[in-house]
Amino acid sequence: MKKICVATATRAEYGLLKNTIRQIQEDGGLELCLLVTGTHLVKELGYTVSEIEEDGFPIAERIDMGLTSDDPSQIVQSMGRTMMLFGDAFTKEKPDMLVVLGDRYELLPICSAALVMGIPIAHISGGEVTEGAIDDCVRHSITKLSNLHFPGCEEYRQRIIQLGEQPDCVFNYGDVGIENIKKTPIIPKDELEKDLGVSLEKAISMTFHPLTTKPEEVEAQIGEVLEAVSRFPEYTFVITKANADAGGRKINQLLEAYVKEHGNCHLFASLGIRRYINVLRNVKAVIGNSSSGIVEAPVLRVPTVNIGDRQKGRLMADSIISCEVESDEIENAIKWALSKEGQDIASQTKSPYEAGETSKSIVTEIKKYLNSEACKQPKCFYDLPRGGTKCEI
């Protein structure tokens with residue numbers, strides 16, 4: 001039996017990994033080894049390890065990164081700690097493969113430890129571009145450390161091949177976020193409202209993360225966003241806190257102060273994937289700079305106001321309007337999203353991301369790889385201009 005380690009560090013990435021984790025758990029030929037770290041273990045960010053426990057997944061190890069601050073120097077220290085602790089975990093668990101998703105900085109030390117210890121890596125959601133965040137560099141670095149790749153659409157698959165990865169190791173089985181929508185049970189609106197203590201009759205969802213390439217601007221940026229929000233007092237805002245990037249805590253402090261003075265705004269450390277998807281099903285618009293506004297919202301026929309450059313470079317549906325981090329521009333973009341034109345476009349939009357039995361297909365390819373000779377061979381660089389394959393020297 002092959003042991004598959006899945007590493008999860010944030011609420012968003014866990015939500016996207018959830019179906020893949022379930023597929024691994026239910027496969028008779030695989031043993032699940034779930035390693036939980038990052039913001040899952042931080043109380044002020046929702047202590048979302050409890051959501052994993054509620055989903056019934058056994059946690060092999062809880063690895064505390066020591067996320068006491070979002071200062072860049074402290075983040076670097078926590079990354080060093082993470083690499084050492086995951087090295088210990090890999091030594092103990094002896095996995096046959098590591099599965100990771102996305103582009104969070106926590107993945108760099110985790111995947112680096114796996115590389116040195118000879119553990120092959122399967123990477124989900126590579127090949128994307130987000131010019132406004134260091135995530136872009138992290139994502140492509142993880143691609144080069146990984147052996148199997150599962151991007152969300154064909155364009156991203158081609159980009160991974162362009163990075164020198166062998167085409168027969170890059171599989172487009174659709175986006176895990178879209179699969180999530182299909183598999184997330186519907187919560188009746190009245191039940192959801194009671195659970196949240198929030199009316200969703202005229203509601204807008206909001207998540208705003210720091211721009212990691214310009215952390216010094218975080219206070220001014222969230223100020224512009226909240227100024228625009230204040231111009232829609234007739235709407236209810238369901239707001240989720242920012243992540244643990246540099247500047248995230250400052251955003252959350254300002255959000256906490258703002259909601260105390262504005263009764264139409266409600267702040268949550270984390271909604272959990274099931275509640276979050278169902279909130280999206282009921283709101284009039286999504287605003288902020290989260291990837292969920294780019295991937296999930298269009299599939300749910302909800303218009304998105306994409307603020308700033310954090311998601312710049314990602315494929316976007318017609319139902320997404322992008323604007324600068326400036327209150328007047330944000331206000332006008334929200335007005336468009338709430339208008340008949342914006343709502344009509346969203347109701348007919350086509351997502352550029354593909355869907356299918358994504359998680360099942362991912363696990364099938366992992367099993368094929370682990371039972372093949374390929375897993376015993378070194379990675380070779382795919383030389384795109386010549387069309388040949390040549391091992392890097």
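Some notes on this structure:
- All conditions but one from (1) in a loop (DSSP other than H, G, I, E, B); (2) open to solvent by 20 Å² or more (accessible area, probe 1.4 Å) apply to residue 95; the one that does not is (2).
- Counting the residues of segment 24-48 that are part of a helix (DSSP H, G or I) and either basic (Lys, Arg) or surrounded by 20 or more Cβ atoms within 10 Å (Cβ to Cβ) (or both) gives 6.
- Verdict on residue 73 being surrounded by fewer than 21 Cβ atoms within 10 Å (Cβ to Cβ) and in contact (Cβ under 8 Å) with a residue 60 or more places away in the chain: no
- Of the criteria (1) open to solvent by less than 30 Å² (accessible area, probe 1.4 Å); (2) in contact with a Pro (Cβ under 7 Å, 6 or more places away or on another chain), which one residue 52 fails: (2)
- When residues of segment 259-272 are limited to those that are farther than 26 Å from residue 129 by Cα and assigned to a helix (DSSP H, G or I), the one least open to solvent (accessible area, probe 1.4 Å): 259
To keep it simple, each residue is scored yes or no on (1) without any contact (Cβ under 8 Å) to a residue 12 or more places away in the chain; (2) buried (at least 24 other Cβ atoms within 10 Å of the Cβ); (3) in contact with a Lys or Arg (Cβ under 8 Å, 6 or more places away or on another chain).
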residue: 110; (1), (2), (3): no, yes, no
residue: 117; (1), (2), (3): no, no, no
residue: 128; (1), (2), (3): no, yes, yes
residue: 134; (1), (2), (3): no, no, no
residue: 154; (1), (2), (3): no, no, no
residue: 161; (1), (2), (3): no, no, no
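The values are calculated or read from the model by the stated rules, or taken from the named source; none is laboratory data. What you are looking at is a predicted structure, and each value in this text was computed from that prediction instead of being measured. Here the Cβ is made from the backbone with ideal geometry for all residues, glycine too, and neighbour counts use every protein chain on show. Just so you know, the surface numbers come from the protein's heavy atoms only, side chains and all, with ligands and any DNA or RNA stripped out. Shrake-Rupley method; radii C 1.70, N 1.55, O 1.52, S 1.80 Å.
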